[in-house]
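The values are calculated or read from the model by the stated rules, or taken from the named source; none is laboratory data. All values reported here derive from a predicted model rather than from experimental measurement. Surface areas here come from the heavy atoms of the whole protein model, side chains and all, with no ligands, DNA or RNA. Shrake-Rupley method; radii C 1.70, N 1.55, O 1.52, S 1.80 Å.
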Amino acid sequence: MLLSSIPSSFVRDFRYAGSKITRMPRSESTPTPQAVTSDDSVPTENVSTVTDKVVLNKSLQAVSLPISASKSQIEQKPRQPLCLSAKHIEEKLVIVMVGLPARGKSYLAKKLNRYLNWSQYPTKIFNVGEKRRKVATSQQNSQHSAGFFHPHNEAASKLREGLAMAVLDELLAYLEAGGCIGIFDATNTTIERRDMVVRRVREANPSLQVLFIESQCFNQDVLESNTMLKLSGPDYKNSESSEALADFNCRVSMYEMKYSPISQLDENKGYSYCQVIDVGIKTITHNINNYLSTQAVTYLQHFHLYPRQIWLTRHGESEDDIAGRLGGDSPLSKRGLDFAQALPAFISQYQRASSEKTSASSWMDKLGFLATTINVWTSISQKSVQTAQFFKECEGKQLKALDELSAGLLEGLTREDVRYQHADWFETRETNRFLCRYPGTAGEGYCDLSHRLKNIILEIERTKNDTLVISGLGVTRVLIAYFLGLMHSEIPSLRVPQGRLYMFEPQPYGIQKAEFDFDYETKKFVRSLSDEGSEGLSI
């Protein structure tokens, strides 16, 4: 989706200045979106997203009913869950990683695996290196030295090819058993190996799609960082650092002797591929002609390695929260305002402490990155906007895509009202809370919410600034599930207390997570009891 085609009713630009919110000027022909008490729009593919400078399409208005159908006609139609996996998509994809060691292949594979699973496409990684280490352990050979990877070592080459095909067969069996995407994580650096993989896939199932993803890295600082991570990995856990470094560099030189990057020769065979250079600085694509490959490549074009913090929190306590009512858009309570007022100072303090820990000589600084501000993204509800009102200087966006899960006909009811007045629906919902929708035309389920938030995830991955997202319970649950790699069944029951602040910091080896709770007595944030001792936790 072109970013310039975002409906103007889906995004508002503003800058915070003290307690005032100054919106960017609109033309007189563009209607200003009004505050709403519930989301009456039908979920749509045209999900809002955000860029540093958004070009608004003034011809598009808020989502409304089709001209050719009345509201009563729409309500009479059975509404199926928007969950893509529930439609039994027949298309399946084999992603084949390509590249020399320490070029970020496994990093890309893990990021893709997390995103695609979150996007409701069952995905699994099949790593040849892990298989090789298991075989080495069974043969009482704890590690394979560089000589094992010499291209003229015929016995070792035969063993490596056999292991690779065995792992590929496991991947194909996974797809046959119901999986949607299999990621074949290996070097696959020769034309012969890539041709062998394609033949094996075609023999198993001619309808399977194949996408090659090659990771190339020329930035020496990034290579040094990746190499250090390799030396702390399982292949060198019992080795001296100097010996391990020499062996690993020798191993890389062995691969380089026969390395053939993806080129015109692969294009002539009709292969689909995406080359990722310096872990996202540049991407090159060719023949991306199916839906699942497009999903994967679109994601690869958004993320990077620049350091930043992603903060997630629910809006402050509102009057509706006190009454226990679903939905609504009441203002913040006194406790909610206390939370909102303490938020900017705490995040700023944490940012300063984090920057002091970061070495000025790190490779990330050499890339020229310098965080100058924080993005603050909220839904268009007044309780979310009010929660952000005390940020003095930030890049702010109000996004309709961040609106809370719509309760449809149940908006304004308490949970006890729902339990007794809609007992049949309540019982049905308990059987599968992820797929079940709230009743009514505007009612949504967590599956709809996940689909609606896909572009938000892409923008979070794209931005290089620290980002704070303020929204409702359902939205926060779905976003947390992405960063933690949770199963869909875990999302509706994920405990996200009001007043809790989550911080996720992407790292080359995973994600660091921290949680903080707001103490309403002292009006300060404290480390969450569920998060004590998790400093530097990698998810």
**Request:** Note down the accessible area of residue 502, probe 1.4 Å, to the nearest 10 Å².
**Result:** 10
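So if each residue of separation counts as 0.36 nm, and I subtract the Cα-Cα distance between residue 283 and residue 249, what length gain in nm does that give?
Numbers: separation 34, 0.36 × 34 = 12.24 nm, distance 2.61 nm.
Here the answer is 9.6 nm.
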**Prompt:** For residue 274, which sequence-distant residues (separation of 5 or more, or a different chain) have an amide H within less than 5 Å of its own amide H, given hydrogens modelled in the peptide plane?
**Reply:** 212, 213, 214
**Message:** Please compute the alpha carbon radius of gyration of segment 257-322, then divide it by the globular-protein estimate 2.2 N^0.38 Å. Two decimals is fine.
**Reply:** 1.85
**Prompt:** What percentage of the solvent-accessible surface of segment 456-510, computed with a 1.4 Å probe over protein heavy atoms, is contributed by carbon and sulfur atoms?
**Reply:** 51
**Fill in**
Surpassing 31 Å at the alpha-carbon level, of the pairs 383/464; 92/464; 334/513; 131/464; 258/454; 158/282, are 92/464; 131/464; 258/454; 158/282
**Fill in**
Taking protein heavy atoms only, a 1.4 Å probe, and rounding to whole percent, the accessible area of segment 206-256 owed to carbon and sulfur comes out at 50
**Asked** When the solvent-accessible surface of protein heavy atoms is calculated with a 1.4 angstrom probe, in what order do 437, 495 fall, highest first?
**Response** 495, 437
**Complete:** Note, segment 328-342: 3J(HN,Hα) by Karplus (6.51, -1.76, 1.60, θ = phi - 60°), whole Hz, Gly/Pro = x, goes x, 9, 6, x, 5, 7, 4, 5, x, 5, 4, 4, 4, 5, 7
**Asked** Considering amide H positions built from the backbone, and no H for Pro or chain starts, which residues 5 or more places from residue 413, or on another chain, come under 5 Å of its amide H?
**Response** 326
**Request:** Mind listing the long-range amide H neighbours of residue 519? Cut-off is under 5 Å, sequence gap 5 or more, other chains count too, H placed in the peptide plane at 1.01 Å from N.
**Result:** 524, 525, 526
**Phi to ³J(HN,Hα) by Karplus 6.51 cos²θ - 1.76 cosθ + 1.60 over segment 454-467, Hz, x for Gly, Pro** = 4, 5, 5, 4, 4, 6, 4, 5, 6, 5, 9, 8, 4, 9
